[in-house]
1. Looking at segment 56-96 only, could you name the residues that are of a type in the set (Ser, Thr, Tyr), buried (at least 24 other Cβ atoms within 10 Å of the Cβ) and more than 18 Å from residue 135 (Cα to Cα)?
2. So which residues in segment 174-198 are in contact with an Asp or Glu (Cβ under 9 Å, 6 or more places away or on another chain), within 16 Å of the ligand (Cβ to nearest atom) and not acidic (Asp, Glu)?
3. Before we move on, is residue 48 within 13 Å of the ligand (Cβ to nearest atom), touching a residue at least 12 places away in the same chain (Cβ under 8 Å) and in a strand (DSSP E or B)?
4. Which of the residues that make up segment 75-87 are touching a Leu at 6+ places or on another chain (Cβ under 8 Å) and within 8 Å of the ligand (Cβ to nearest atom)?
5. Given (1) surrounded by 20 or more Cβ atoms within 10 Å (Cβ to Cβ); (2) more than 11 Å from the ligand (Cβ to nearest atom); (3) assigned to a strand (DSSP E or B); (4) not hydrophobic (A, V, I, L, M, F, W, C), identify the lone condition not met by residue 167.
6. Check 119, 106, 112 and return the single one that is part of a loop (DSSP other than H, G, I, E, B), more than 16 Å from residue 142 (Cβ to Cβ) and either of a type in the set (D, E, K, R) or in contact (Cβ under 8 Å) with a residue 12 or more places away in the chain (or both).
7. Being modelled with pLDDT of 95 or more, part of a helix (DSSP H, G or I) and more than 22 Å from residue 166 (Cα to Cα) is the requirement here; does residue 18 meet it?
Amino acid sequence: MKKEELIKSLKNQKFPERIIRAFEEVNRSKFVLKREKRFSYEDIALPIGEGQTISQPYTIAFMLALLEVKDKQKILEVGSGSGYVLELLSKLNPNGKIFGIERIKKLAESSKEKLKNCKNIKVICGDGSKGFKRNAPYDRILTSAAANKIPQKLIEQLIIWGILVAPVMGSIIVVKKDRKKNKVREFPGFRFVPLIAE
Ligand code: SAH
């Protein structure tokens with residue numbers, strides 16, 4: 001599949017215009033392994049080394065739509081891997097700030113190199129299973145690896161009305177933080193690499 005075909009398929013699936021534009025602006029081929037380059041725009045997950053994968057574009061678009069990103073927000077991605085989703089986030093939030101936390105040093109380092117021209121992205125190497133307190137609270141938190149249960153520590157690091165999108169077991173969970181009772185929605189039927197808590 002060519003990039004234009006992938007974009008067309010995202011359009012057919014009725015994702016919001018601005019999300020599709022972000023996919024148009026970012027080259028997925030920059031983030032996949034050399035030997036996988038020809039598959040860059042297939043709507044499938046691909047290896048990024050170290051036993052990890054870059055998610056399927058459809059799944060990323062689905063999560064980004066749920067995240068309801070607006071400009072000028074402070075956003076954290078836990079498990080930022082290759083950096084692909086970070087660059088998509090920076091297109092949706094050009095005047096905001098994006099933090100990515102990745103536990104595998106090699107991936108964190110190579111994503112830093114690939115994103116060095118994106119001034120509003122900062123990659124941190126470390127365990128993000130409990131978030132990244134130093135810069136909290138966040139407007140939005142996205143987790144790209146699956147936890148066993150809803151990560152309460154991450155919800156604590158959101159502002160009121162902030163949104164967490166996180167895979168939990170085989171579902172994508174969306175939590176909208178509230179003063180009293182958080183609003184939680186669940187979308188089953190997804191697969192992610194596991195979130196490793198240290
Ligand atoms: N969004 C990424 C997806 C990478 S896969 C991309 O676009 O490439 C998920 C990543 O989560 C893996 O790189 C894995 O190393 C990382 N991960 C798993 N547990 C983690 C943890 N506790 N803290 C930080 N990163 C973690």
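The values are calculated or read from the model by the stated rules, or taken from the named source; none is laboratory data. The model shown is predicted, which means the values in this text are computed figures rather than measured ones. Note that we place each Cβ from the backbone using ideal geometry, even for glycine, and neighbour counts take in every protein chain shown.
1. 82, 84, listed by residue number.
2. Those that are in contact with an Asp or Glu (Cβ under 9 Å, 6 or more places away or on another chain), within 16 Å of the ligand (Cβ to nearest atom) and not acidic (Asp, Glu): 196, 197.
3. When the stated conditions are applied, residue 48 passes them.
4. 77, 78, 79, 80, 81, 82, 83, 85, 86, listed by residue number.
5. (2)
6. Criteria check complete, one pass: 119.
7. no
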